[in-house]
1. Of I463, I304, how do they rank once you tally other Cβ atoms within 10 Å and put the fewest first?
2. Just grab the label-to-label distance for K382 and F223, each label 7 Å out from Cα along the Cβ direction, in nm (one decimal).
3. Give me the distance in nm between label points sitting 7 Å out from Cα along the Cα-to-Cβ direction at N7 and V559, one decimal.
4. Roughly how many nanometres apart are two label points built 7 Å out from the Cα toward the Cβ at L230 and V491?
5. Quick one: which residues, 5 or more positions from V638 or on another chain, have an amide H under 5 Å from its amide H? H modelled 1.01 Å from N in the peptide plane, none for Pro or chain starts.
6. Looking at the square roots a ≥ b ≥ c of the eigenvalues of the Cα gyration tensor of region 487-568, which shape do they give, rounded for a/c under 1.5, prolate if a/b is larger than b/c, or oblate?
7. Can you sort R622, R288 by how many other beta carbons sit within 10 Å, fewest first?
8. What does the charge count near I481 come to, summing +1 for each Lys or Arg and -1 for each Asp or Glu among other residues with Cβ under 13 Å from its Cβ?
Amino acid sequence: MQRIVDNALAVTKESVKTLTYESLNNIARSINGVSALLLTLLPGKASVLEGLHGWELRPTLRGPRLPRWMHNGVSSFNHFIHELSVDSDTSSLDYSSGEDSDAMSTPPSPSSQTSLRSWASLPANYESHWTEWITSILWWVLLPSRIFLWIPLYLLRLFSRRDSRVSPMSPGRYRHSPRPYFSKAVPGKEHDVPNRTTDRRRGVIEDLQLGIEIFIDAIFDFFHKAAHLLLSPSEAFGIVLSWFSSSSHSHGPEGGYYDVLDDETVGDDDSSSPTERTTTSLYNTDTRTCQDVITELGYPYEAIRVVTSDGYGLLLERIPRRDARKAVFLQHGVLDSSMGWVSNGVVGSPAFAAYDQGYDVYLGNFRGLVSRDHVNKNISSKDFWSYSINEHAREDIPAMIEKIHEIKTSELRLYQPNVEEVVNEEQPYKLCVLSHSLGGAAVLMYVITSRIEEKPHRLSRLILLSPAGFHEDSNLCFTLIEHSFLLLGPVLSRIVPAFYIPTRFFRMLLNKLARDFHNYPAVGGLVQTLMSYVVGGDSSNWLGVMGLPHYNMNDMPAVSFRVALHLAQMKRSSKFKMFDYGSVKANMEVYGSPEPLDLGEFYGLIDVPVDLVAGKKDKVIRPSMVRKHYRVMRETGVVDASYNEFEYAHLDFTFSHREELLAYVMSRLLLVEPTQTQPVHKKGMKLKKKM
């Protein structure tokens with residue numbers, strides 16, 4: 001009888017699993033099919049999706065795509081648990097398959113591996129939100145979806161704990177894999193994003209499939225045990241008797257109770273407990289940092305915390321060559337981080353290319369992460385996000401440049417004692433800047449304001465990839481945003497001080513949806529098309545960028561409302577201007593003039609060579625706007641400026657593997673000339689420090 005019941009339950013369980021799995025899979029395929037139909041009706045999709053290789057935009061008649069734990073044709077939870085432990089051994093962030101391991105080579109570690117440090121001095125991150133009432137509304141409105149998505153994750157965590165008691169994990173299961181995540185570039189592949197056939201992350205659909213399977217296993221396990229006890233009364237009586245005997249033994253000799261501790265609760269408050277360390281792996285999201293990418297590829301790494309004069313904590317990351325007399329500072333753009341400079345691995349990233357050419361490499365990070373690093377731990381959300389591009393240029397970049405100067409001068413005195421530094425005019429190293437988008441505008445503003453204030457900017461060459469600053473030539477969507485910001489700015493700034501995803505749950509959801517968009521190509525193509533419409537038809541791989549680690553559940557870049565308003569002011573005025581504080585009195589206090597400084601009028605103060613690069617397919621910052629930078633610089637008659645164009649969209653400059661761009665950048669870095677000092681020309685304006 002017991003065998004008949006077991007067989008009946010087993011057959012029923014597998015039938016229910018197959019039915020629910022196929023139902024969910026058919027729903028997903030239907031959504032993908034509808035997306036494909038909509039995609040065929042949208043104009044301009046061919047140019048938008050150019051460069052997204054391997055995406056099927058038409059539904060195909062083929063068998064259902066099984067999850068990894070069902071690749072052998074059967075649904076086995078135990079096999080999944082075994083894979084989970086293997087994943088933890090090799091790190092859930094290692095996306096390479098066994099077949100690809102032979103084709104992947106780890107570069108030899110540079111000789112300065114002993115310089116590896118950790119950034120232990122950083123304060124603990126703390127969560128930030130927009131306003132309390134907005135967060136509360138979002139929480140309650142989306143509560144059903146939160147519950148629906150969190151149940152599978154909770155069950156997964158519960159069952160993995162149960163399995164860990166039966167089969168204890170080895171002490172090394174939490175170590176990172178020594179293998180690099182990024183493979184060598186594939187000829188013709190422009191966007192080096194995780195391949196959807198080898199990427200081990202799970203999307204929302206796969207999490208639902210897994211959660212349903214775990215739930216079914218739990219239900220049938222309960223019925224199996226219940227049936228077993230009903231068919232074996234003696235065993236049931238023994239279990240009941242053991243309960244009473246165990247309760248009697250729990251009394252101490254004096255009638256008191258011994259303290260009974262659950263081994264799972266011990267160390268819950270310990271931040272280094274295995275349970276906490278594996279939480280991210282169970283959620284199955286990509287939470288690598290720039291440090292993880294650099295060190296996994298065998299390069300040295302150093303992290304430096306820089307504090308600005310107004311109290312913001314910045315992360316300055318470094319691939320150090322301590323004895324090098326040439327350095328390069330890489331500064332990212334809006335909604336980006338230092339990850340953009342290393343995301344294409346060894347053969348496709350500017351940071352590694354510069355290091356291999358003998359440069360001491362520094363990766364800058366602007367203020368504006370969701371973690372909100374500030375010396376004032378009680379700073380309000382409104383005060384924290386109260387900054388514009390002015391603060392990026394006059395606070396963030398100067399603080400990082402001065403830290404680089406301090407480090408390089410002290411190290412070169414140690415490694416090369418005969419080096420003589422001439423204060424304020426010369427320095428024992430040459431520092432070049434490579435920047436993208438908003439970073440380019442901030443660097444230009446930094447150089448000009450430093451010259452006006454007669455301070456050394458310490459830079460030897462500027463390489464600006466699609467720099468911001470001039471924006472009058474833009475699409476209809478940006479024009480509508482400009483009018484909305486300028487009209488509703490006073491109200492919106494109080495309600496929405498910054499633009500970002502406010503909670504860990506929704507950031508995790510975004511990361512998982514990015515995986516779903518790759519698993520279901522038509523859905524991803526539709527989202528990609530809609531995204532490109534928002535930015536005027538730019539064909540950048542927006543979906544690939546969404547899946548990168550700096551948009552993970554723990555932290556992500558944000559955009560201050562004032563930064564967006566500042567860009568709208570530039571577009572309205574058709575000038576590269578500093579932030580307009582909205583009143584004559586405020587502008588007089590900061591600039592000494594009723595109007596903010598027009599930086600284009602001060603381009604003659606730029607005393608270093610400038611290389612401007614535009615993308616012909618860039619619809620965010622169009623080539624005409626980059627050419628305007630070049631034209632204004634050339635009209636001064638004193639700026640050594642060059643201009644070049646590539647067949648790129650806006651994100652291709654950082655997130656795509658472009659050998660021609662790397663070759664061009666390195667050729668410009670090798671042209672560094674000694675800084676020529678020029679007299680400072682003042683035009684009746686002064687620049688005061690903002691209090």
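1. Starting with the residue having the fewest Cβ neighbours, the order is I304, I463.
2. 5.8
3. 6.4
4. With each label point 7 Å from Cα toward Cβ, the separation is 6.4 nm.
5. Amide H neighbours of V638, under 5 Å, 5+ apart: none.
6. oblate
7. Ascending number of Cβ neighbours within 10 Å: R288, R622.
8. +1
Each reported figure results from applying straightforward, stated rules to the coordinates on display, with no laboratory input. As the structure is a prediction and not an experimental result, all values here were calculated from the model. Note that we place each Cβ from the backbone using ideal geometry, even for glycine, and neighbour counts take in every protein chain shown.
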